[in-house]
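Each remark here refers to the structure printed beneath this line.
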Amino acid sequence: MTEETLSGQTGRCMCGAVGFTADEVPVKFGVCHCEMCRRWTGSALLGVTIPEGKIVWTGEENIARLQSSAWAERAWCSKCGTGLYFRVTMESAYSGSFELPIGLFDNADGFEMTHEIFIDQKPHSFAYAGTGRKLMTRQDCVEKFGLLDEK
Ligand SMILES: [Zn+2]
Ligand SMILES: [Zn+2]
């Protein structure tokens, strides 16, 4: 079964110093409520996973990066601070791909929220509408991804 994807999707940071065109963008995306994503975004990371090599950046010199944990980095626009991506850097089945906030896309419609992870770390004050999504707790994620021995 091949997943539905979008091609030629463009997007940018708030100030426009960093832009991108992405192919093989999955329609399905997930939400991460982990403590780091919560602090990084101020709420939750609504991220779509784009395979390595399927994204072309403009203004790449304006991308600032931080190794935010032993296994992943986060990047943002050094001019305006917009969060650009989360990426697993540690050697694993998940390394290389970019987790891009869907809010960066020029057309952020057409996506479907299919899963929420670290659901047990979501603040009680809000919840996304709708049902039928796959929900995973922190413990589920530790077992599935096997990456997160800290936090
Ligand atoms: Zn910017
Ligand atoms: Zn997270």
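Coordinate-derived values only; no laboratory data. As the structure is a computational prediction, the values presented were derived from the model and not from experiment. Note that we place each Cβ from the backbone using ideal geometry, even for glycine, and neighbour counts take in every protein chain shown.
Give, rounded to the nearest 20 debye, the magnitude of the charge dipole that the range 48-151 has about its Cα centre when Lys and Arg contribute +1 at Cβ and Asp and Glu contribute -1 at Cβ.
Details: 11 positive and 15 negative charges, 38 e Å.
Taking the Cα centre of the range 48-151 as origin, the dipole is about 180 debye.
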Original post:
In the range 1-60, which GluC sites (Glu not before Pro) fall in coil by DSSP and have 13 or fewer other Cβ atoms within 10 Å?
Top reply: GLU3, GLU4, GLU52
Original post:
Given the options TYR94, TYR128, TYR85, which has the most mean-square fluctuation in a GNM of the chain, springs set between C-alpha atoms less than 10 angstrom apart?
Top reply: TYR128
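When the helix-only estimate is applied to the chain (DSSP H runs of n ≥ 4, each -39,500 (n - 2.57), divided by the residue count), what is the mean residue ellipticity at 222 nm, nearest 500 deg cm²/dmol? Don't skip to the end; give the middle numbers.
Values: 2 runs with 15 residues, N = 151.
Counting only the DSSP helices, I get -2500 deg cm²/dmol.
Could you give the Stokes-Einstein D for the range 5-145 in µm² per second, using the C-alpha Kirkwood radius, 10 °C, 1.306 mPa s?
Numbers: Rh = 15.5 Å.
It comes out at roughly 102 µm²/s.
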